[in-house]
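First comes the structure, then the notes that go with it.
The values are calculated or read from the model by the stated rules, or taken from the named source; none is laboratory data. Since the model is a prediction, treat every value here as computed from it, not as a measurement. Every residue, glycine among them, receives a Cβ derived from its backbone with ideal geometry; neighbour counts consider all protein chains shown.
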Amino acid sequence: MNSIARPSKRRSALGRRSLLDRLNRCSHWIMLAPFLICFTLFILLPVLAAIGLSFTRFDSVQAPSFVGLQNYIDIFSSDRRFVQNVIPNTIIYAVVVGPGGYALSFVLAWILAQLSRGPRTVLAVILYSPSMMGAATTLVWSTIFSGDKMGYLNSILLSMGIIREPVAWLTSTETLLPVMLVVALWSSMGVGFLAMLSGILNVNAELYEAGRIDGVRNRLQEVYYITIPSVRPQMLFGAVMALVNTFNSPGMGVTLSGSNPTPGYAGQLIVNHMDDYGFLRYEMGYAAALSVILLIIVWLSSRVAYKLFGDKD
Amino acid sequence: MTKIKRVHPRFLRQGRLKFYILLLPIVAFMLLPILYIFFHAFKPMDELFAFPPKFITRHPTMENFRRLFSSANSTNYPLSIYLFNSILTSLITVAATVLMCAASGFALSKKQFRGKRLILEVNQAALMFVSVAVAIPRFLIIKSVGLMDNYLSHILPLLAMPVGLFLVKQFIDQVPSALIDAAQIDGCTDFGILFRIILPVIKPALATVAILAFQQSWNSVEASQKFIDTEQMKTFAYYISVVASPSGNTVAGQGIGAAGVLFLFVPCLILFIFLQSKVMSAVAHSGIK
């Protein structure tokens, strides 16, 4: 008892000490404050603002006027571009790049885990590199897919006699979306890929021995019965990262083709449609409704990921 | 990741060759575009114009870099201004993000207080935050807090990084609480514990946050495009994207563009190569339960 009582007595005797003490007692809020402020201002508030604005008509000059669900009704009933181009494009893009890129990164992570350390590290750096390109990604690929005969892909195909005329990869309505898929898959081996690789490497080797005794016969069974259950948490993280990557990068149809809207709306995704309405036509309310739809799509997809890989309890 | 782990018992370890054969086409697909840009950046004019184009540079030259640096392109300011802006904003962003993630990660991992669960859950939901989706409200918020055409608009929107906080928090969960109790008994304040005990032992997680924050900030063009009007305050990534935009795609521009891409890419690559073993050990704790 005595030893507990003494320090507080001494602290109250010294003013500075008690101030420190008081500071220390709410230290967690002080430590959290900078993050929480930035988080609220640039993540939480924008999301709430998007939801709020989506029920209004707002041209960024006059004050927003409440219109109820009109924006959503317009989007689904009278926005021909949205229903005919943007939604199908977004679905194709999301399915190929999301689950497709995710499956690819799991398979690659698994193969890399089978190699010895040296080659594994080198190959992991190579596979991760494209995701570091950021803003430069489209520059790299626009050089390769350049539409005249000087474009690298065109010149290879021309000289091999596969095509006779150079293909305008980036401005043709038929090729823009496939090109976007290629580019997106190229840059999809990000942190999620590293997390899964790390998870697979850390699977307890004894589990494999035990599995062998219990009758695991081949690699496929091994992956299914041992690897996947063991790295499930990392796989969930990887899935969430794949999701973010999928929906965060699709601005590139516009950068690749150099115009918004993209030629014939061929590469138009929700994000581009949103920019088109928000920053070019200043219909902020309408654009906000589009972003709410996008957020809902992301949220629903993440529910699927949690269902698949989350703890079953 | 300190020592080679024996992932599989020996009987399954033979025949790695087939894995290499499987990997080859994918590695080629990932690597060749980067190599192509690398060679492109060093090509002299006649090789850039050559038909059919050559993959490998015959007579390497620094011509493209020289033209990238000589100011007389599409803007009237020397490249060094953009480079300076990028370096400064990236450094501040990285330092601030790392500190913020460490401090809040510590509080959320080791302190008990009301509201903690809520914050953790909100942050976990924010892992899937897609920043492009709210570009417009973000723009309006930046405008209403008076950050338009302000240097800080490069930095502030990037600071709150849910993935960073998540990784750091998960990593601190592994630090034994006995370490912190011992320090408390010795009279260490929470801030002392943060700086003297937590920071040194969570270096791998901090390295990972640093590299992610750097990639984001170094490659960022959003602020330069939307929030900032003054040309001298824009970033290097923005400059490159303007100089070598696909819409003005000329062969000469491609050479300059490739040189610019290298400038953007190489710092990220070097940083990652140096920190990759730390990154790997940090993301090992990334699992979401």
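Has the stretch B:126-146 got any residue that is of a type outside the set (S, T, Y), more than 9 Å from every other protein chain (Cβ to nearest Cβ) and out of contact with any helix residue (DSSP H, G or I) (no Cβ under 7 Å at 6 or more places or on another chain)? It would help to see each step written out before you state the result.
Of the residues in the stretch B:126-146, the ones of a type outside the set (S, T, Y) are B:126-130, B:132-143, B:145-146.
From what's left, more than 9 Å from every other protein chain (Cβ to nearest Cβ): B:146.
Now drop any that are not out of contact with any helix residue (DSSP H, G or I) (no Cβ under 7 Å at 6 or more places or on another chain), which leaves B:146.
Yes, the stretch B:126-146 contains at least one residue that is of a type outside the set (S, T, Y), more than 9 Å from every other protein chain (Cβ to nearest Cβ) and out of contact with any helix residue (DSSP H, G or I) (no Cβ under 7 Å at 6 or more places or on another chain).
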* Which of (1) more than 10 Å from every other protein chain (Cβ to nearest Cβ); (2) touching a Leu at 6+ places or on another chain (Cβ under 9 Å); (3) crowded, with 17+ Cβ neighbours inside 10 Å is the odd one out, the single condition A:A184 does not satisfy? -> (2)
* Residue count for the stretch A:150-168, restricted to those that are surrounded by fewer than 17 Cβ atoms within 10 Å (Cβ to Cβ) and in a loop (DSSP other than H, G, I, E, B) -> 6
* Pick out the one residue from A:V183, A:V203 that is outside any helix (DSSP H, G or I), touching a Ser or Thr at 6+ places or on another chain (Cβ under 8 Å) and either at pLDDT 90 or above or of a type in the set (S, T, N, Q) (or both). => A:V203
* Asked: Which of (1) of a type in the set (D, E, K, R); (2) part of a loop (DSSP other than H, G, I, E, B); (3) surrounded by 15 or more Cβ atoms within 10 Å (Cβ to Cβ) does A:E174 not meet, given it meets every other one?
  -> (3)
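Quick grid of which residues meet (1) at pLDDT 90 or above; (2) more than 22 Å from the chain's Cα centre (by Cα):
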residue: A:T246; (1), (2): no, no
residue: A:G251; (1), (2): no, no
residue: A:G258; (1), (2): no, yes
residue: A:P263; (1), (2): no, yes
residue: A:L269; (1), (2): no, no
residue: A:R281; (1), (2): no, yes
residue: A:V304; (1), (2): yes, no
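For the stretch A:27-79, list the helices (runs of 4 or more DSSP H) that sit wholly inside it and hold at least 2 residues that are within 8 Å of chain B (Cβ to nearest Cβ) and within 21 Å of B:Q124 (Cα to Cα); which are they?
Values: elements: A:27-39, A:45-53, A:70-77.
In the stretch A:27-79, the matching helices (runs of 4 or more DSSP H) lie at A:27-39, A:45-53.
Out of the stretch A:19-78, which residues are on the phi > 0 side of the Ramachandran plot and in contact with a Pro (Cβ under 7 Å, 6 or more places away or on another chain)?
Looking only at the stretch A:19-78, we keep the residues that are on the phi > 0 side of the Ramachandran plot, and these are A:60, A:68.
Within the stretch A:19-78, none qualify.
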* Asked: Is there any pair with a first residue in the stretch B:18-35 that is under 18 Å from A:T121 (Cβ atoms) and in the same structural domain as B:G257 (by TED's automatic domain parsing) and a second that is among the hydroxyl-bearing types (S, T, Y) and surrounded by fewer than 14 Cβ atoms within 10 Å (Cβ to Cβ) whose Cβ atoms are under 7 Å apart and which are 6 or more apart or on different chains, and what are they?
  -> none
* Asked: Does the stretch A:139-149 contain any residue that is surrounded by fewer than 20 Cβ atoms within 10 Å (Cβ to Cβ), under 29 Å from the mean Cα position of the chain (by Cα) and within 7 Å of chain B (Cβ to nearest Cβ)?
  -> no
* Take B:G146 and decide whether it is closer than 24 Å to B:F195 by Cα and either modelled with pLDDT of 90 or more or in the same structural domain as B:I202 (by TED's automatic domain parsing) (or both). => no
* Asked: What are the residues in the stretch A:122-138 that are surrounded by fewer than 18 Cβ atoms within 10 Å (Cβ to Cβ) and touching a helix residue (DSSP H, G or I) at 6+ places or on another chain (Cβ under 7 Å), if any?
  -> A:V125, A:I126
* **Contacts under 7 angstrom Cβ, first residue in the stretch B:148-159 being on the phi > 0 side of the Ramachandran plot, partner surrounded by fewer than 20 Cβ atoms within 10 Å (Cβ to Cβ), 6 or more apart** => B:D149/B:D229; B:D149/B:T230
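Among the residues of the stretch A:158-181, is there at least one that is of a type in the set (F, W, Y) and at the interface with chain B (Cβ under 10 Å from one of its Cβ atoms)? Break it down into steps so the answer makes sense when it comes.
Taking the stretch A:158-181 first, the residues of a type in the set (F, W, Y) are A:169.
Right, trim to at the interface with chain B (Cβ under 10 Å from one of its Cβ atoms) and you get none.
The answer is no; no qualifying residue exists.
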* Could you grab me the full set of residues in the stretch A:186-197 that are of a type in the set (A, V, I, L, M, F, W, C) and not in a loop (DSSP other than H, G, I, E, B)? => A:W186, A:V191, A:F193, A:L194, A:A195, A:M196, A:L197
* Asked: Tell me, which helices (runs of 4 or more DSSP H) lie completely within the stretch B:171-287 with 2 or more residues that are at the interface with chain A (Cβ under 10 Å from one of its Cβ atoms) and hydrophobic (A, V, I, L, M, F, W, C)?
  -> B:190-193, B:203-218, B:236-243, B:251-283
* Asked: Any chance the stretch B:159-169 includes a residue that's out of contact with any Leu (no Cβ under 6 Å at 6 or more places or on another chain) and more than 11 Å from every other protein chain (Cβ to nearest Cβ)?
  -> no
* Where residues in the stretch A:190-206 are surrounded by fewer than 22 Cβ atoms within 10 Å (Cβ to Cβ) and within 9 Å of chain B (Cβ to nearest Cβ), which of them is nearest to B:L269 (Cα to Cα)? -> A:L201
* Would you check if A:A103 is more than 23 Å from the chain's Cα centre (by Cα), assigned to a helix (DSSP H, G or I) and either within 11 Å of chain B (Cβ to nearest Cβ) or modelled with pLDDT of 90 or more (or both)? => no
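What's the total number of residues in the stretch B:45-69 that are in a loop (DSSP other than H, G, I, E, B) and either of a type in the set (D, E) or under 31 Å from the mean Cα position of the chain (by Cα) (or both)? Walk me through it before giving the result.
The first filter runs over the stretch B:45-69 and keeps only residues in a loop (DSSP other than H, G, I, E, B), leaving B:50-62.
Right, trim to either of a type in the set (D, E) or under 31 Å from the mean Cα position of the chain (by Cα) (or both) and you get B:55-57, B:60-62.
Qualifying residue count for the region: 6.
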